[in-house]
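The values are calculated or read from the model by the stated rules, or taken from the named source; none is laboratory data. In this text the structure is predicted, and so the values were computed from the model without any measurement. Don't worry about glycine lacking a Cβ; one is built from the backbone with ideal geometry, like all the others, and counts go over all protein chains shown. In case anyone asks, the SASA skips ligands and DNA or RNA and just uses the protein heavy atoms, side chains included. Shrake-Rupley method; radii C 1.70, N 1.55, O 1.52, S 1.80 Å.
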Amino acid sequence: MIKKFLSHFLSPSLSRLLLQPIALVVLLASSVPALAELELTISKTSDDGIPIYIANIPGGATGVIEGDLKRSGRFTIIERSKITNLSAFGGELNGGEYNDITDYIVRGKEHEGGLQVELISTSDNAKTTYTISKNTNPRRVFHKAADKIYEKITREKGAFDTRLAYVTVTNKTSDNRQFRLYVSDSDGHKPQVILTSKQPIMSPAWSPDGKKLAYVSFEDNSSAIYVQDIFTGEKFMLSSREGSNSAPAWSPDGTKVAMSLSFNGSPDIYIVDAKSGDFTRVTTSSAIDTEPSWSGTNSIVFTSDRGGSPQLYQIAATGGKAKRLTFDGKYNSAADIANKKLAFITGNRGAYNVAIKSLSGEGKDFLSNGTLDESPTLSPNGAMVAYTTMKNGENSLAVVSDNSKARQFLTSPVGDIREPAWSPYLNH
Amino acid sequence: MRSIRTKLVVLPILLSALTIVGCSSQNVDKDTTADGSITSSTTTEDGTKTGTVGAGGASGVNSKDSQGDRSNFNYLPGENNGNNTNDITLAGLNNPDNLLSQRIIYFDYDKAAIRPEYMVLINTHAKLLAKYPSLKMRLEGHADERGSRAYNVALSESRAQSVKNIMGVQGALSSQIKTIGYGEEIPIVRGQSQESWQKNRRVEIKYDDY
Amino acid sequence: MLKVLLRHPGAVLGAIILHLLLGGLFFFSFDWSEKPDLHEAGIPIAIITEGSLETQANSVAEEESAKPSEKQIIKEKQEATDAKEKAEKLEQQKIAEAQKKATAEKKKIAKKQAEAQKKAEAEKQKAALAAAQALKLKKESDNKKRLQLEAKQEEERLEREAAEQEKAIAEREAQRKADEAEKAQAEKAQAEAEAKEQDKKEQTAKLEAEQIEKEKKLAAKKAAEKKAEEKAEKEAERKAQKLAEKKAKDKAKKEAAKKEAAKKRAEEKKQERLAKEKAEKKAAALAAERKKEKEAEEAAERKLAEKRKAEEAERAKAAKEKAEKEAAAKAAAEKAEREKAEALAAKKAEYHRKWQEAQAKKKAEAAAADAKRKSDAEAAARNKSLEKAKYGALVSWGGKIQQHVKRRWHPPPGTKGEQAKVRITISNSGFISSGIQIKSCSGNPEFCASVKEAFERSEPLPRPPSKYNLSKSDRTITFKMD
């Protein structure tokens, strides 16, 4: 098939020659002796990433770094057994020797409680060394190293040293049900309980500084939105209007929180000043308006059923006319935005899946294939999406890369897991 | 004998002709009675007959809503008819035979509209509120697990408000009723089936002390 | 036996009376036991039709028309079945139409009722609401309030359903026009929202009005007035309903009658047509057969005679022609031979001269070509191995570049089908020396930017094979990004 396709462009001898090294190189038919310019085809659909070899680093960094890079869907980890004669950290290394096996080699060693890693490009033997200082959470040191490597190679900020907040429920249908708000590393490790309640806890949302969480609580038979410092545990109530107080979302500058309130009748989008608690109304429809997500400093994407079914709309934070963003399917909701990408839930023939689209573009790509997938949340660099998926009647936490090449299920505490929220980049 | 056979043949033809006449009008069935007179009765689209069940003497109110398989109902609760089980009193709240002991209203998928068969139940509770202005009620809305969680909170809140709006028309005061949307957080039953989902799409009526 | 009967006229009379009585009894009992209930009306038909193995509708039609052509129909079973099917279809269509009409009629009536109710409700809302307050006080007015509330609920339900319907329609419309301009969509959504908002405002206004009115206390006089009005309204409603029902009934009856007549007509026509067709066919077939036989005989005779004649004539003609031809040919041949000999001699001389000249020229050319070929072949052999090796190296380098860039390209989501063409020149150290030239890109600027970024991210690219001293054009590559 490929042969036939190529021979369409090339003389038979050339096409035979061509098929030997690689299959997909396409050359335009050339008149001998002068060679024509090479013409190559590069397709979006590819299954491999940038090959990288990570030498064994004492202290457990290797596995963490490998897991991080793999999860991004941008790397292929070269098996440890493929290179056996590698010199230790700092030793002589002729990159060209390994050029056919891998594009990059990573070596590292423990250093003053922290870590030192060097990244060697096998094509030009260029070497970069990074020193990462120690941290009370040693895994954060490894994640930071992974971020450095990721950034150097992809020229995109790494988002491995970040956190996830999520809610778990034990005894889902009994009166002994217990809701817990957790914060963990971005790979699901080191979960810590932030809040426990007999009543539902919902919709955790990170402040842009990564220090506070806004969430919905249902204490005393009514809903309210609280803001809690994840380090000190200090909290205050931001909104407890009559009816529903739900779906908080911090503005990019951290001064305001968008939310859905129903004290005026139907649920509408409001913006509340995080300090003064002053309210500004954004939407005024009599339909359901909820799930705000900031698409810029002054615009909000939200879910509304004003057209008869839940769809995504975009509106200025000051209000006005809303622009419909989704037209495909009967159910599009739960938008999350990062780095010009928009992850959302789309209903398709009774199944609810995670999809991703460009904030400005029309098309979308499916990222999940379960039947009841929920709550997509983008990593701050937009390269990964965490979401929940139903497995054996319980929700579990998964992370998928934006190109859907990599998917990992994260380890998580007992119970039904729900509503993950990916933190911003951490500056502390 | 000959004449009788002819009759045997002719009569069915007549009857079949009548049947055809009957069929040509889908919603009006004609009953040919012994004396040849024709009576009619309304029939719903799927063929089940809707009669009117008079409760508490409120008979003769014709249901204009034919919802097919849904059970018979009328809009108006009974009152002052000396039947203890249907008394709209605080005592009725604790009587398992009284309509007031029914406290759950179910909904269609992704809808906050009240199904007509729940009008009596809602109106009965509304009358109780109207009768006892100091009585307080909580309407707790719920959704099934499909779709996004925050949207389901809004949806269940809208369901609770639909119920509240009807109660307001019946004379209940807005200050007596509190709504709360729990979304899909507190299901009654587990499981991924139409049946479980239906049971979870609901508004629960709650009185503080009853 | 006749004689015996004549002799006893009394007995005959008795027998007749007895028969009549028996007959009457039978008829009466038949009428009694078979008195059809609506739901059993179909049963006697089924019994009759089982015998003739016909469908219900058809058997009815046949029994009614009962014409002499009936036997023929059974004979021509195939045709008849076809026709029946057609008739059936026609009938079904008609029934369907009738049903549709009836349904439409019913809907219309329902609509009218609803409208009337709404209108009345609007007109009297003030009075009604005020009355509601008064009615609370009086036991007698309890019933009235109930009715009013019921009407209100009904109205609300209708509104709600209408709103839902509108929503559903809007949704479908939106789906269908998914590709239309966003602006139009946004405006549409806005319009919807505004319309809804308007509705809501109206409702709110209504509710407010209600509240105000409730607070006012109305005199009993007004309540009485209202009662009267309501009575009148109800009366009107009832009348309208009756009228509508009557209309529907009449219409259904008419429809049925029409159908019956149409059925009869169709059956009669069908039978007539079938009989006629059969007769015509038979007659035609007979006539045709006879004619064919006669014609065949005559044709055979004629052919035989003609053949004999033609044979004789041909024989004579051939003999004559042969003699003439032989004479002419002989003379022509002699002449031609003479001329040919002369021409040949002249040609031979000329050709020989030319051939000698050409031969000499060819020899010289061949020698020159041979020399050139030899030197060319030597050069080509040298080049060919070089070109081949160089080309191979280029291709394998191209493969490396392709893979390298592909792994570093992160097109934005939802850009399936988008394409771009990029041209770059790569320096010997693997850097892009020409700048990244985007030759073409399908639309989306974000996608085009991702293509450019892919190459930026890819530097340094795999270095070109060094030992072949590649020219700039060798190191220039066009990429198709899809």
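Quick notes on this structure:
- Screening the candidates A:THR284, A:THR290, A:THR303 for the property of being closer than 21 Å to A:ARG241 by Cα, surrounded by fewer than 21 Cβ atoms within 10 Å (Cβ to Cβ) and at pLDDT 95 or above yields one hit, A:THR284.
- Pairs where the first residue, in the range C:438-467, is of a type in the set (Lys, Arg) and the second is in a loop (DSSP other than H, G, I, E, B), C-beta under 7 Å, 6+ apart: C:LYS452/C:ILE436; C:ARG457/A:ARG155; C:ARG457/C:ARG408; C:ARG463/C:ASN428; C:ARG463/C:SER429; C:ARG463/C:GLY430
- Count of the range C:431-482 residues which are β-branched (Val, Ile, Thr) and either more than 10 Å from every other protein chain (Cβ to nearest Cβ) or open to solvent by 50 Å² or more (accessible area, probe 1.4 Å) (or both): 3
- Of the residues making up the range A:326-354, those that are assigned to a strand (DSSP E or B), within 19 Å of C:PHE447 (Cα to Cα) and open to solvent by 20 Å² or more (accessible area, probe 1.4 Å) are A:ILE337, A:LYS341.
- Scoring C:GLY414 on the criteria (1) part of a helix (DSSP H, G or I); (2) at pLDDT 90 or above leaves a single failure, condition (1).
- Selected residue [more than 15 Å from A:ALA165 (Cα to Cα), in a loop (DSSP other than H, G, I, E, B) and away from chain B (no Cβ under 14 Å)] from A:GLY277, A:GLY265, A:GLY233: A:GLY277
- Positions within the range A:300-321 being without any contact (Cβ under 8 Å) to a residue 40 or more places away in the chain, more than 12 Å from B:TYR151 (Cβ to Cβ) and either more than 13 Å from chain C (Cβ to nearest Cβ) or touching a helix residue (DSSP H, G or I) at 6+ places or on another chain (Cβ under 6 Å) (or both), in sequence order: A:ARG306, A:GLY307, A:GLY308, A:THR318, A:LYS321
- Leading residue by the ranking (farthest from the other protein chains (Cβ to nearest Cβ)) among those in the range A:216-226 that are over 23 Å from the mean Cα position of the chain (by Cα) and outside any loop (DSSP other than H, G, I, E, B): A:TYR226
- Test: residue in the range C:417-431 that is of a type in the set (A, V, I, L, M, F, W, C) and without any contact (Cβ under 8 Å) to a residue 40 or more places away in the chain: yes
- Applying the criterion of being of a type in the set (Asp, Glu) and within 22 Å of the chain's Cα centre (by Cα) to the residues of the range B:137-173, the residue that is nearest to the other protein chains (Cβ to nearest Cβ) is B:GLU157.
- Here A:LYS357, A:LYS391 are screened, and the one residue that is modelled with pLDDT of 95 or more and not small (Gly, Ala, Ser) is A:LYS357.
- Test: residue in the range C:369-388 that is facing chain A (nearest Cβ under 7 Å), within 30 Å of C:MET481 (Cβ to Cβ), part of a loop (DSSP other than H, G, I, E, B) and not β-branched (Val, Ile, Thr): no
- First in the range A:355-381 and at the interface with chain C (Cβ under 8 Å from one of its Cβ atoms) and assigned to a loop (DSSP other than H, G, I, E, B), second anywhere and open to solvent by 20 Å² or more (accessible area, probe 1.4 Å) and basic (Lys, Arg), Cβ under 8 Å, 6 or more apart: A:SER360/A:LYS340; A:GLY363/C:LYS416
- Subset tally (residues that are touching a Gly at 6+ places or on another chain (Cβ under 8 Å), part of a loop (DSSP other than H, G, I, E, B) and farther than 30 Å from A:GLN311 by Cα) for the range B:83-135: 2
- Some residue of the range A:396-403 being within 20 Å of A:SER203 (Cα to Cα), under 15 Å from the mean Cα position of the chain (by Cα) and open to solvent by 10 Å² or more (accessible area, probe 1.4 Å): no
- Any hit, the range C:382-399, residues being outside the structural domain of C:ASN428 (by TED's automatic domain parsing), more than 30 Å from C:PRO464 (Cβ to Cβ) and open to solvent by 100 Å² or more (accessible area, probe 1.4 Å): no
- In the condition set (1) within 14 Å of chain B (Cβ to nearest Cβ); (2) out of contact with any strand residue (DSSP E or B) (no Cβ under 7 Å at 6 or more places or on another chain), C:ALA248 is compliant with all but (2).
- Boolean, B:ARG190 is open to solvent by 30 Å² or more (accessible area, probe 1.4 Å), more than 18 Å from A:VAL216 (Cα to Cα) and either among the basic types (Lys, Arg) or facing chain A (nearest Cβ under 10 Å) (or both): yes
- Annotation: A:SER262 fulfils all but one of (1) on the phi < 0 side of the Ramachandran plot; (2) out of contact with any helix residue (DSSP H, G or I) (no Cβ under 6 Å at 6 or more places or on another chain); the unmet one is (2).
- Check on A:LEU115, on the phi < 0 side of the Ramachandran plot and more than 32 Å from the chain's Cα centre (by Cα): no
- Contact map, the range A:143-172: residues that are farther than 23 Å from A:GLU66 by Cα paired with residues that are open to solvent by 30 Å² or more (accessible area, probe 1.4 Å) and among the small types (Gly, Ala, Ser), Cβ distance under 9 Å, separation 6+ or inter-chain. Pairs shown: A:TYR166/A:SER412; A:THR168/A:SER412.
So that you can scan it fast, the table gives a plain yes or no per residue for (1) of a type in the set (D, E, K, R); (2) open to solvent by 60 Å² or more (accessible area, probe 1.4 Å); (3) modelled with pLDDT of 75 or more; (4) closer than 30 Å to B:ASN165 by Cα:
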site: C:GLU213; (1), (2), (3), (4): yes, no, no, yes
site: C:LEU218; (1), (2), (3), (4): no, no, no, yes
site: C:GLU229; (1), (2), (3), (4): yes, yes, no, yes
site: C:ALA240; (1), (2), (3), (4): no, no, no, no
site: C:LEU243; (1), (2), (3), (4): no, yes, yes, no
site: C:ALA261; (1), (2), (3), (4): no, no, no, no
site: C:LEU274; (1), (2), (3), (4): no, no, yes, no
site: C:GLU293; (1), (2), (3), (4): yes, yes, no, no
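To keep it simple, each residue is scored yes or no on (1) more than 9 Å from chain B (Cβ to nearest Cβ); (2) part of a loop (DSSP other than H, G, I, E, B); (3) open to solvent by less than 20 Å² (accessible area, probe 1.4 Å); (4) over 26 Å from B:LYS164 (Cα atoms).
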{"residue": "A:PRO204", "(1), (2), (3), (4)": "yes, no, yes, yes"}
{"residue": "A:ALA214", "(1), (2), (3), (4)": "yes, no, yes, yes"}
{"residue": "A:GLN228", "(1), (2), (3), (4)": "yes, no, yes, yes"}
{"residue": "A:GLU242", "(1), (2), (3), (4)": "no, yes, no, no"}
{"residue": "A:ALA247", "(1), (2), (3), (4)": "no, no, yes, no"}
{"residue": "A:ALA258", "(1), (2), (3), (4)": "yes, no, yes, yes"}
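- Scanning the range A:189-202 for residues that are within 14 Å of chain B (Cβ to nearest Cβ), free of Cβ contacts under 8 Å to residues at least 40 places away in the same chain and not in a loop (DSSP other than H, G, I, E, B) turns up A:SER197, A:ILE201.
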